[in-house]
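Scroll down for the structure; my scribbles are underneath it.
Each value in this text was obtained by applying a stated rule to the coordinates, not by laboratory testing. It should be emphasised that the depicted structure is a prediction, and the values quoted were computed from it without experimental measurement. Cβ sites come from the backbone with ideal geometry, for glycine too, and all protein chains shown count toward neighbours.
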Amino acid sequence: MTDHADARLQAQYEAYPYPQRDPRDEAKRLITGSPGHLLEVDHWVFGASRPASRPLRALIAGGGSGDATIILAQQMAKAGRSGSVTWLDRSSAALKVAQSRAAARGLTNIVWEQRSLLDLPGSDLGPFDYIDCCGVLHHLPDPAEGLRALLSVLAPGGGLGLMVYARYGRTGVYMLQDGLRLLTPPDQEPEARLDVARRVMKHLPETAWLRANRSVTDHLKGGDAGLYDLLLNPRDRAFDVPELSDLLAGEGLSVTCWVEPLRYDPVPLLPDPRLRARIATLAPIERMTLAETLAGNIASHIVYCTRAGEAPVRADPFGPDAVPVCRETTGEDIVKGIQANNTMFVILDGLRVPLPLSPMAPTILPLVDGKRTVGEIGAILASRGIGAEAFERAWRALFPALESINRLLLAAPVGVVAPASAQPTGA
Ligand SMILES: C[S@@+](CC[C@H](N)C(=O)[O-])C[C@H]1O[C@@H](n2cnc3c(N)ncnc32)[C@H](O)[C@@H]1O
C-alpha cells in the first residue's frame, strides 16, 4: 500500500539520500554503530552460539547511503567471514552513494537490490539469517506490514536488528514539523522545502524545545539530508517502549536486547531505597518505561529480536569455553575509565550513569582480547596467585555489568571451516 506521503518520502530520499555521506571519507574512517555491528549480531542475535565459519546471509532493508551495509560487509571481510550483505532500498541516489562507498573500500561481498522492502514477500530474495532495518519502519504507511515483509524472508533461527524513533527523546521535533508544514506544505518540491527549513533554523526562538533537546542532532550535524529527514519528513512516527514492544510481540517477535540494556534500567537512576523497593515490584516492561520516561533522552530504540520460541541457545558467559570480546574498545581502555571506588561513569546521550565494577576489573580486562577463553583467562590469573573462586566471583559481576553497556560481549565460536563451495558469493 502506498499513498501521497509515501510518494513524497520516495522523492525526499532521491533528493537527499540519507545519511549524507561522502565516499571519499571511507579512506579516513569506518562508521560503526548499532544495529548491524558484527559482534552484536553474533552476541545478541545468535547468542554467541552460531559458528563464525557458517556463511552469514544478511539483508540491510532500507539501507540508504550504506552505513550498516558498509559496517557489516567490512567487518565480515576483515574477519574473513563468509556470506554476503544485501543492500536493499528504493532510492537510486542512495544506491549510488552506497556503491561508491563500497568501491572505495574494495568490498566484494555486497549484493545490490533497488526495490521496495514491501515487495519482499514472494520475491526471489532470501532467506536471510540476519535482517537489519534501521530508521525505516517508522516511515512506512504500516510498520507492522513492513515487519511482516521482513519476516517473510527471515531464515529459521535468524534474527533482526531494528531501529525506530523513540517518543520522548524526540521532544521538540514534532511541534517544529507541525510549524514547518504551515510554511512549506509537503506538496512543495524538496529543494524549496529545505530552503524554508534553513531560514527558520536561522531564527529558531531560544525557547524552542528542539534547542533544549541534546539527544537529537541531525539538524545540526546531518547536513541537508539530516535537516530534511528530521524536520520535513513526510511521515515519521515515534514509539515508546510499550508501543514498540506491542508491535514486535504482535508479529511474534521476542527481544533479545534493547540497546544498550543499561539505558532501560531505572535502578541506577533512583538510588532512593524506597523507590528501588517499588521498582522491584514492576513488570519488566514497566521498568523499561520508567527508565525511558525518567531519562527522557532515548531518541531512538534499537532492538535485536528473534521469532518467539526461536531464541538462540545463549553461550554461557561463565563457562570455560566462552570467548569474551570488547566491542569498539579494549580492556585496557575500559580500565582507564574506572574510578578509585571501582565505579565507571557511563555517558548515555548526556546522562551520566554510575556503573559499579568488580575490584578485579583492572586485573581481568587487559586479558580480554577476543581470542582467549574464560578458562584461559582464569588459568593466567591462577598462575599469578588468584584463585579460581575469586576469579569466578569477579567475572560473574563484571561480565553482566559491561554487557549492559554493550562493551563486553561473547565472540562467535570459530567452528569448522566451511568447504570452498560454501564461501561467499558477493556481487
Ligand atoms: C532514514 S533512511 C535510513 C537509512 C539507513 N537505514 C540508515 O539508518 O542510515 C530511510 C531509508 O528507507 C528507505 N525506504 C523507505 N521506504 C522504503 C521501502 N518501502 N522499501 C525500501 N526502502 C525504503 C529510504 O529510501 C531511505 O533510504
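Measuring r between the beta carbons of residue 269 and residue 124 and using R0 = 35 Å, the FRET efficiency lands at 0.10. Sorted on the mean count of surrounding Cβ atoms within 10 Å across their residues, most packed first, peptides 43-50, 310-317 read 43-50, 310-317. The magnitude of the dipole of the chain, with charges of +1 and -1 set on the Cβ of Lys/Arg and Asp/Glu and taken from the Cα centre, is near 940 debye. Computed from backbone phi, the HN-Hα couplings of segment 400-405 come to x, 5, 7, 5, 5, 10 Hz, rounded to whole numbers (Karplus: 6.51 cos²θ - 1.76 cosθ + 1.60, θ = phi - 60°; Gly and Pro given as x). Between 54, 393, 263, the Gaussian network model of the chain with springs among Cα atoms under 10 angstrom shows the greatest mean-square fluctuation at 393.
Model label points for residue 280 and residue 221, set 7 angstrom from Cα along the Cα-to-Cβ axis, are 3.9 nm apart.
Helical runs assigned H by DSSP (4 residues or longer) give the chain a calculated mean residue ellipticity at 222 nm of -10500 deg cm²/dmol, each run adding -39500 (n - 2.57) before division by the residue total.
Distant-in-sequence amide contacts of residue 167, defined by a placed amide H-H separation under 5 Å and a gap of 5 or more residues or a different chain, comprise 239, 240.
Using equal-weight Cα scatterers in the Debye expression, the normalised intensity of segment 318-415 in log10 at q = 0.13 Å⁻¹ is -0.42. Only Cα pairs under 8 Å and at least 6 apart count here; give the relative contact order of segment 328-403 as a rounded whole percent. The normalised contact order for segment 328-403 reaches 29 percent.
Taking 20 Å as the cut-off, the amide N atoms of segment 281-316 that come nearer than this to a point 7 Å along the Cα-to-beta-carbon line of residue 414 belong to 315-316. With contacts taken as Cα pairs under 8 Å at a separation of at least 6 residues, segment 254-392 carries a relative contact order of 25 percent.
Both numbers refer to the Cα atoms of segment 218-348; Rg and Dmax are 18.5, 53 Å. Computed extension gain for residue 191 through residue 329, at 0.36 nm per residue and net of the alpha carbon distance, reaches 45.6 nm.
Gyration tensor analysis over the Cα atoms of segment 57-200 returns equivalent ellipsoid semi-axes of 31, 19, 14 Å (largest first, whole Å).
Any idea what the relative contact order of the chain is, in percent, if you count C-alpha pairs under 8 Å spaced at least 6 apart? Write out the running numbers ahead of the final one.
On the way: 781 pairs, mean separation 90.9, N = 427.
The value is 21 percent.
Relative to the dominant Cα principal axis of the chain, helix 92-105 is inclined by about 40°.
Other residues within the sphere of radius under 14 Å centred on the Cβ of residue 21, judged by their own Cβ, net out at -1 (K and R +1, D and E -1).
On a 0 to 90 degree scale, rounded to 10, what angle separates helix 4-15 from the longest Cα axis of the chain? That works out to roughly 70 degrees.
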